[in-house]
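The block underneath contains the structure these notes are about, expressed in structure tokens.
The values are calculated or read from the model by the stated rules, or taken from the named source; none is laboratory data. For clarity, every value in this text was computed on a predicted model and none was experimentally measured. Here the Cβ is made from the backbone with ideal geometry for all residues, glycine too, and neighbour counts use every protein chain on show. To get the accessible areas, we keep the full protein, side chains included, count just its heavy atoms, and leave off ligands, DNA and RNA. Shrake-Rupley method; radii C 1.70, N 1.55, O 1.52, S 1.80 Å.
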Amino acid sequence: MATLFENVLAQLDKVIKVAHIDNKALAILSHPERVVEVAIPLIRDDGSLEIFRGYRVQHSSARGPYKGGLRYHSQVDLEEVKALAFLMSMKTAVIDIPLGGGKGGIMVDPKILSRGELERLTRTFTRAIADFIGPNKDIPAPDVNTTPQIMDWVADEYGKIVGHPEPAVVTGKSIEAGGSLGRDTATSRGAFVVLNTYLKKQGIPLRGLRIVIQGFGNAAEPLATMLSQESALVIALSDSRGGIANPKGLDVAKAKVDKENKGTLSESLSNQPKGTKIISNDELLITECDILIPAALENQLTKENALNVKAKYILEVANGPTTPEAEEILVKRGIPILPDILVNAGGVAVSYFEWVQNREGSHWSAYEVDRKLKELMERAAGGVFVSADKYKTDLRIAAFIIALERIAKAMALRNPDT
Ligand code: NAD
């Protein structure tokens, strides 16, 4: 089976069929610039020693310092991290921020660790990669299972190594430790702006559109709230334990409170409008709707369910929710996919804003962050839509073309020999 990195590189083959991208640039981008692999010894609370593997992959610095998250997960492996680093280079280029792409992580299930163990593991990992990160080199951020608290520890440990506070070495920190306002809703807000820009172009009002959302976490919940506040009908929502659906619309605010208090969405059933039913995640993905928003996990739309998807449009908030086989089916069926590398880039956009604030020693208001994010995402989305029209291609390939053209141009200008 192809690795995730090979799947990602397969996108380049599709791009060169419709647009000219410099061959040398493509060859260079098919390899990460640097791969750092470290052993992280941890003395557990019971006195035993365990060694964990940690990675930092620096894919491209053609447009600026590497930028990308740190993931703590038992299934983190090098091929996955390489793929995610490549996608970060694409994401920062699509939204045109002066950063490159990187990604990292530790192969660990953080749920097995005490808070003290998690902190020691994070600090040892930071020391192991300290030579390779820095505000002008590579700026990590949170990703799956990593939190503002973990970023605060990375910044603190790095500050001790360089001998002075250096908050700009990571983003996604706690607000009190130099984080940016608006980071918690940034991914949702960015996706909301992309969707609105797209609908405006199509002349379709958001009001009354039927929306189905898989996932109700950091990236999905604020988006569900924004959509329902703008009078779209959120007709199905789910979490890892299943979902709730009502063709006349759910009460998102009540779902949020119930999820917070009781832990699962299904516990909200009794507080939802009459006619609300429990549904499985499989049923949710094939619910008839205007917009289907996978916002939980990768590989959710597959060759098994793509023929049964009854959505008019797909908005990819999760990373990689559509398999290449499913994409082929959906494209043939004329269902446009608004791609992850554009749709969920609001998170890295506000990470960039945090880095800028730390470097200039300022604090922007939530209003200022949201305004700048809206401007940036509207511009990025508009660019992708123009590229799709120009090259007569789908939105994912259009986004890749923009990213690759920008990176190839930066490479050529900086060093014509590459
Ligand atoms: P999260 O952990 O906060 O939320 C994940 C949600 O998915 C939870 O509601 C969980 O219950 C649900 N879920 C888990 N397994 C599921 C399953 N089998 N079926 C249905 N739902 C399931 O994570 P998040 O930060 O919201 O990230 C979600 C996706 O968005 C990921 O692909 C992530 O890479 C992507 N993303 C997030 C951000 C961000 O800023 N949070 C930025 C870019 C991309």
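Quick one: in the stretch 173-222, of everything that is of a type in the set (Asp, Glu) and near the ligand (Cβ under 10 Å from one of its atoms), which residue is surrounded by the most Cβ atoms within 10 Å (Cβ to Cβ)? Explain how you work it out, then say what you get.
Residues of the stretch 173-222 of a type in the set (Asp, Glu): 176, 184, 221.
Next cut, near the ligand (Cβ under 10 Å from one of its atoms) only: 184, 221.
Values: Asp184: 17, Glu221: 22.
Among those residues, the one meeting the criterion is Glu221.
Just one of the listed residues (Lys160, Lys137) is basic (Lys, Arg) and without any contact (Cβ under 8 Å) to a residue 60 or more places away in the chain, namely Lys160. Selection of the stretch 227-265 for residues being more than 11 Å from the ligand (Cβ to nearest atom), out of contact with any strand residue (DSSP E or B) (no Cβ under 8 Å at 6 or more places or on another chain) and open to solvent by less than 20 Å² (accessible area, probe 1.4 Å) yields only Asp258.
Name every residue in the stretch 286-311 that is within 11 Å of the ligand (Cβ to nearest atom) and either under 20 Å from Pro222 (Cα atoms) or small (Gly, Ala, Ser) (or both), in order of residue number. Please lay out each step first, then the result.
If we filter the stretch 286-311 for residues that are within 11 Å of the ligand (Cβ to nearest atom), which is where we start, we get 293-300.
Within the stretch 286-311, Ile293, Pro294, Ala295, Ala296, Leu297, Glu298 qualify.
Kindly indicate the residue of the stretch 330-358 that is over 17 Å from the mean Cα position of the chain (by Cα) and touching a residue at least 40 places away in the same chain (Cβ under 8 Å) and also most open to solvent (accessible area, probe 1.4 Å) among those meeting that condition. Here the residue is Val331. Does the stretch 359-381 contain at least one residue that is more than 16 Å from the ligand (Cβ to nearest atom), open to solvent by less than 20 Å² (accessible area, probe 1.4 Å) and either under 29 Å from Lys137 (Cβ atoms) or in contact (Cβ under 8 Å) with a residue 40 or more places away in the chain (or both)? No - not one qualifying residue is present in the stretch 359-381.
Residues in the stretch 149-172 that are within 16 Å of the ligand (Cβ to nearest atom) and crowded, with 20+ Cβ neighbours inside 10 Å: Ile150, Met151, Val170, Thr171, Gly172.
Filtering the stretch 312-337 down to residues that are within 14 Å of the ligand (Cβ to nearest atom) and touching a helix residue (DSSP H, G or I) at 6+ places or on another chain (Cβ under 6 Å), which residue is farthest from Thr197 (Cα to Cα)? Here the answer is Asn319.
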